[in-house]
Amino acid sequence: PKEPSGSPSADSIKIKKEVANAFVKRKKRSSPYEWYFEYYKSPMEQMHERCENYPPCDYLSDQIGFALAYNRFFG
């Protein structure tokens, strides 16, 4: 089915899993270093997520910056 604009709708664009796997390949990890950082987050990343999950900190970080907002609520 086509939309009034003439472009096909998102529902009409389907691709089989086998076909998708032919051109979308996962990047292989070559070193233990890459494996480690896939599973373990840095302390800074953990701090960002903690602030993002607390709405007042997330809002304030948009206004005054992450470091100041984090220190105000968790520091």
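The values are calculated or read from the model by the stated rules, or taken from the named source; none is laboratory data. Treat the numbers as computed from the prediction; the structure is a model and nothing was measured. For accessibility, only protein heavy atoms count, side chains too; no ligands or nucleic acids. Shrake-Rupley method; radii C 1.70, N 1.55, O 1.52, S 1.80 Å.
Scanning the stretch 48-73 for residues that are open to solvent by less than 60 Å² (accessible area, probe 1.4 Å) and aromatic (F, W, Y) turns up F66, Y70. Can you confirm whether E45 is open to solvent by 100 Å² or more (accessible area, probe 1.4 Å) and modelled with pLDDT of 70 or more? No: the conditions fail for E45.
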